[in-house]
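The values are calculated or read from the model by the stated rules, or taken from the named source; none is laboratory data. For clarity, every value in this text was computed on a predicted model and none was experimentally measured. Counting neighbours? That spans all protein chains shown, and the Cβs are built from the backbone with ideal geometry, glycine included. Just the protein is used for accessible areas: all its heavy atoms, side chains included, with ligands, DNA and RNA removed. Shrake-Rupley method; radii C 1.70, N 1.55, O 1.52, S 1.80 Å.
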There are 2 protein chains.
Amino acid sequence: MGSLSETERDRILAAVDTAFESQVGFLSDLVRCASLREQESEVQQLVEATLLDRGYDVQRQMIDQALIGRHPAFSPATVSYENSWNVIGVRNPSTSQGRSLILNAHVDIVPTGDPKRWRYAPFEPVRDGEWLYGRGSGDMKAGLSAAIFALDAIRAAGFELTAPVQIHSVVEEEITGNGAAMALASGMVADAVLIPEPTDEKLVRANSGVIKFAITVDGKPAHPREVSGGVSALEAAMRLITCLRELEERWNAEREAKPFFDDVDNPAALTIGTIDGGEWIASVPSSCRFEGRIGFYPGDDPHQRVKEFEAFVATAAAEDPLVQRCPNPAVEWVGVVHAGYVLEPESEAEAVLAEAHTDANAPDASPLQAYVMACYLDAAVYSVHAGIPSLVYGPIAENIHAIDERVSLPSLRRVTKAIALFAASWCGVRPIEHAS
Amino acid sequence: MGSLSETERDRILAAVDTAFESQVGFLSDLVRCASLREQESEVQQLVEATLLDRGYDVQRQMIDQALIGRHPAFSPATVSYENSWNVIGVRNPSTSQGRSLILNAHVDIVPTGDPKRWRYAPFEPVRDGEWLYGRGSGDMKAGLSAAIFALDAIRAAGFELTAPVQIHSVVEEEITGNGAAMALASGMVADAVLIPEPTDEKLVRANSGVIKFAITVDGKPAHPREVSGGVSALEAAMRLITCLRELEERWNAEREAKPFFDDVDNPAALTIGTIDGGEWIASVPSSCRFEGRIGFYPGDDPHQRVKEFEAFVATAAAEDPLVQRCPNPAVEWVGVVHAGYVLEPESEAEAVLAEAHTDANAPDASPLQAYVMACYLDAAVYSVHAGIPSLVYGPIAENIHAIDERVSLPSLRRVTKAIALFAASWCGVRPIEHAS
């Protein structure tokens, strides 16, 4: 382990180039699998076959729902995980002398919205110039392809790693983080984890803690001929949403005292993602439910934030002249309830990645930059609960969770190279000895 | 025709009493049929069998969708009417000398909301004291039972009407009015129509014109880590809903110049009945759709109001700093687009009903009162497009379109009596001659 020789480096970089078209083909295959929540089994079968093909020890890892509520890495689940399982690939060296590594990527994706609004059908990946389009292309199937093809390149260059490496292809990142939680809870740890989320080739210095809620408010339905006798659950929901903007502002205001977050535009980033209310066009709505997420700061206890949120909603409901005419709004926790993490500066892992980033890039490229990402990342699971240095670093992508999601292929190539060089340096390499 | 003799009256009133328990049983059977939109065929089969049993000429009347857009009584349809058909029962006298009559009632009902919030299961009618509970009990299956059992009582008292009578058991009142429109467009007219909607034993003097809309607004979806790059379709929808309250206020303000409406609290009664937006808890919503209705005044051209509404939405969208960042909201017309009507005072039909009301009630009861109902009623179809005097008069009910809908059984009994006396007076009666 340690710095690579120029020859080692060049051979690995060349191997990434050689296989890159094949990598784009694999990425396209991943995108074709519409791996929405509870529909990840097709893409996981593809990953499983891909890893088996490469000689990894592969296991399907079910999520043990009994751990939810008992192990702190888990968040509340609202669905069955019968068809949602991790794929774990492990390769152990014949003799281990380097530092072990986990490469993690999630395979679950978010819905597309109306596919007619997309330039290309979201599950029929299209290469247009330097971009590959498709839902999940950036977030984060490109990263998964980078992890697998980076390790491929090391072997194609004639080297094997001298420390154990694991690939964690996980589910549930977009909602609960319970895929990564399960991987960790099963005892799979390492000296570092790298997660190639789409980060514009930057390193994540810290992320936010996040809690995901659903609020249901019941109104008093009525006929349009006597609306004044009713209370619209929709109008009550709108008022609660407006009130929650005050909570967002309050939590955002705390940033001044928070390391790394003081210049983040909107760390709380209250997002109301869905709403569903009423049952008839000409009735005052009897019920309305909306779901969303809100963030806070590394070091904050997420369960304390949950209490703060619930108290805020209860007070807002009690004080609003309309909402107070409804039963108390019901707050449910339907996704991640997790702390944020900080990648403390000056770690060995970061230094090795910075060097790999530089070596993978053109000589005039900027050195590795770090920034704060105000959202949930599976890195928080490995970092918060096991203290593993967690590097989130991946390609340039645009429109993630949006329309016309796309990933930059030149960026993906550079990132794949950087990951390959990082893995080789971190774990160490030696020439593959061929059996006689 | 003309005033009934005391004997005739007493025999008819006694016949209503005699059959009343049977009527409540029939009403309960009607309520057991969950005749939501597109699910009316079960209840219509029951009505059909009931009318056949009584010797009416009965037809199933399909809605001819080709008439929609061509005949002015019809409103836009968004569903197939394959399973939604009217039942028309007609009885013609051997010789006709009186005034003909249509008794109309709609069988469609609105959704219940969460049945757990009901005291009794909404489709398992329960008699509790003077009330019968159940969705549709008041709006308006009680009225349908009153129409059928009022005519039964006349025959049970030994009389037959001396003018044609029709029972229109129609669909679609709660959304488009296309059931009544079809009955009228098929050429079925009469000298008066009576519709026993739940009116607290009062007569409707006028109703509002109503238009039913759906508005879809598309936003710019985004990931929570970059919310500022997105535009929430939900937030845009909330702003449009807030703007529409201004339109409601503007239309309400017109009431001062409108006969009968000057003391109506909220004639426009903008009701946003449903909302559905977003596709993922942690994405800025890409789209949001809400549906609702708004009212105006008799004499107003509903198509002019449609244009006014569309122009208002377009202007509001263009002027709002957030909504203007979205594509133009799409306004669809998904239900009734219909004018209101006025029952001009001092009609012969009203005078006959007033007398029947008095005769059906205790001596100290108040005389027939008239009031304005700020909602759509099928009476508008018969009144506006055929100039038929349209009497909307029915029992006391509570919580229509709400939770724990119920109808007063003593009130239903009185109304059934009033309808029986009205029909007998309006159409005329003579003793049934039994075939030797």
* To do: Can you check what the net charge comes to around B:Arg325, using other residues whose Cβ is under 13 Å from the Cβ of B:Arg325 (Lys, Arg +1; Asp, Glu -1)?
  => -2
* Structure fact -> Comparing B:Ala180, B:Ala269, B:Ala150 in a Gaussian network model of chain B (Cα, 10 Å), the one with the largest mean-square fluctuation is B:Ala269
* Two-site label geometry, A:Gln97 and A:Gln59: point separation in nm, points 7 Å out along Cα→Cβ -> 2.9
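Taking every pair of alpha-carbon atoms in region B:318-364, give the share separated by more than 12 Å as a whole percent.
Working: 845 of 1081 pairs.
Looking at region B:318-364, the distances longer than 12 Å represent 78 percent of pairs.
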* On a C-alpha basis, how far is the centre of region B:163-185 from the centre of region B:22-48 in Å? Whole number, if you could? => 16
* Asked: Size of region B:293-386 along its principal axes in angstrom, Cα-based, largest extent first?
  -> 66, 29, 19
* To do: At a probe radius of 1.4 Å, figure out the B/A buried accessible area, summed over both chains, and give it in Å² to the nearest 100.
  => 4700
* Asked: Hey, what do the phi angles of region B:133-144 turn into as Karplus ³J(HN,Hα) couplings, whole Hz, using 6.51/-1.76/1.60 and θ = phi - 60°, x for Gly and Pro?
  -> 8, x, 5, x, 4, x, 10, 9, 6, 4, x, 5
* Structure fact -> Which of A:Lys141/A:Lys212; B:Lys141/B:Lys417; A:Lys141/A:Lys202; A:Lys220/B:Lys202 exceed 21 Å between C-alpha atoms? The answer is A:Lys141/A:Lys212; A:Lys220/B:Lys202
* Debye sum, Cα scatterers, the protein assembly as shown, no solvent: what log₁₀ I/I(0) at q = 0.06, 0.08, 0.11 1/Å? -> -0.53, -0.78, -1.12
* Cα centroid distance between region B:298-338 and region A:229-286, in Å? -> 26
* Asked: Which of B:Gly219, B:Ile294, B:Pro267 sits farthest toward the positive end of the charge dipole of region B:209-338, with +1 on the Cβ of Lys and Arg and -1 on the Cβ of Asp and Glu?
  -> B:Gly219
* Which semi-axes, in whole Å and largest first, does the equivalent ellipsoid of region A:161-312 have when worked out from the alpha carbon gyration tensor as the square roots of 5 times its eigenvalues? -> 40, 20, 13
* Roughly what % of DSSP beta bridges within region A:1-152 run antiparallel, to the nearest 5? -> 90
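With a 1.4 Å probe and every protein chain kept in, tell me what percent of the accessible surface of region A:209-338 is carbon plus sulfur.
47
Taking every DSSP beta bridge that has both residues in the protein assembly as shown, what percent is antiparallel when rounded to the nearest 5?
Antiparallel bridges make up about 75 percent of those DSSP assigns within the protein assembly as shown.
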* Accessible area in the full protein assembly, largest first, 1.4 Å probe, for A:Glu197, B:Glu433, B:Glu130 -> B:Glu433, B:Glu130, A:Glu197
* To do: Compare B:Leu203, B:Leu247, B:Leu194 in a GNM of chain B, Cα atoms joined below 10 Å, and give the one with the largest fluctuation.
  => B:Leu247
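Please report the projected area of chain A's Cα convex hull averaged over all directions, in nm².
On the way: hull surface 89.5 nm².
Projected over every direction and averaged, the Cα hull of chain A covers 22.4 nm².
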* Structure fact -> Within the under-15-Å Cβ sphere about B:Pro363, not counting B:Pro363, Lys/Arg +1 and Asp/Glu -1 give a net charge of -2
* Structure fact -> All alpha-carbon distances of region B:94-142, grouped into 5 Å bins from 0, give the whole-percent distribution 5, 17, 20, 18, 11, 7, 6, 6, 6, 3, 1
* To do: Roll a 1.4 Å probe over the protein chains and send me the accessible area per residue for the protein assembly as shown in Å².
  => 36
* To do: At 7 Å along the Cα-to-beta-carbon direction for both A:Arg245 and A:Asp200, put a label point, then send me their distance in nm to one decimal.
  => 2.6
* Asked: Which order do A:Tyr56, A:Tyr120 take when ranked by solvent-accessible area (1.4 Å probe, heavy atoms of all protein chains), largest first?
  -> A:Tyr120, A:Tyr56
* Structure fact -> With one decimal in nm and the nearest listed first, the spacings from A:Ala49 to its own position in the other copies, using label points 7 Å along Cα-to-Cβ, are 5.6
* Can you check how the C-alpha radius of gyration of region B:391-436 compares to 2.2 N^0.38 Å, as a plain ratio? => 1.69
* At A:Gln324, with labels set 7 Å past Cα in the Cβ direction, how many nm apart are the copies from this one, shortest first? -> 3.7
* Asked: According to a simple spin-label model (label point 7 Å from Cα along Cα-to-Cβ), what is the distance in nm between A:Thr78 and B:Asp263?
  -> 4.9
* Structure fact -> Rounded to whole angstrom, the alpha-carbon centroid of region B:133-158 lies from that of region B:369-436 at a distance of 9
* Asked: Tell me, what are the semi-axes, in whole angstrom and largest first, of the equivalent ellipsoid of region B:17-111 as set by the roots of 5 times the Cα gyration tensor eigenvalues?
  -> 26, 21, 11
* Please arrange B:Lys307, B:Lys202 by accessible surface area, largest first, computed with a 1.4 Å probe and ligands excluded. => B:Lys307, B:Lys202
* **For B:Lys212, net neighbour charge (Lys/Arg +1, Asp/Glu -1) across residues whose Cβ lies under 11 Å away** => -2
